[in-house]
Amino acid sequence: QVQVVESGGGLGQPGGSLTLSCAASGSISRVFVMGWYRQAPGKQRDLVASITRGGNTNYADSVKGRFTISRDNAKNTVYLQMNSLKPEDTAVYYCYADADSTGWGTLNRYWGQGTQVTVSS
């Protein structure tokens, strides 16, 4: 059993900051890429940011320079620091972890439950 649990969502002010965290736990041999998607009502789910075990990062153009993704490999935890928030950042944010739960080198993508981020004055 693999669990991916998110926390840190809530209400933010335009120009303000929020930090999300996400921890993978359970029967995990190794966690590889971790990251965040977001989805606003009526829109497709888009990748926000991802990070490898070695710390290589990838960001959507819409969040570059404002959001920072980081991780703690020992804790299988990924973070998303969101600065300079805009109303268009409002969405449900979904964490994911690409993990080997078998020890055989076969990866599966595991998803968090989603956390609401609302940016409004």
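Given +1 on the Cβ of Lys and Arg, -1 on the Cβ of Asp and Glu, and no further charges, what dipole in debye does the chain carry about its Cα centre, rounded to the nearest 20?
80
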| Where the centroid of each part is defined by its Cα atoms, how far is the stretch 95-121 from the stretch 1-61 in Å? | 7
| Span per principal axis, largest first, for the Cα atoms of the stretch 1-82 (Å) | 39, 24, 24
| message | How large a share of the accessible area of the stretch 12-78, in percent, is made up of carbon and sulfur atoms when the probe is 1.4 Å and the other protein chains stay in place? | response | 44
| note | Pseudo-spin-label distance L11 to S121, built 7 Å along Cα→Cβ, given in nm, is 1.6
| request: Within the stretch 4-44, find all residues whose amide N lies under 16 Å from a label point positioned 7 Å from the Cα of N58 along Cα-to-beta-carbon. | output: 32-38
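The values are calculated or read from the model by the stated rules, or taken from the named source; none is laboratory data. In this text, all values refer to a predicted model and were calculated from it rather than measured experimentally. All Cβ positions, glycine included, derive from the backbone under ideal geometry; neighbour counts span all protein chains shown. Just the protein is used for accessible areas: all its heavy atoms, side chains included, with ligands, DNA and RNA removed. Shrake-Rupley method; radii C 1.70, N 1.55, O 1.52, S 1.80 Å.
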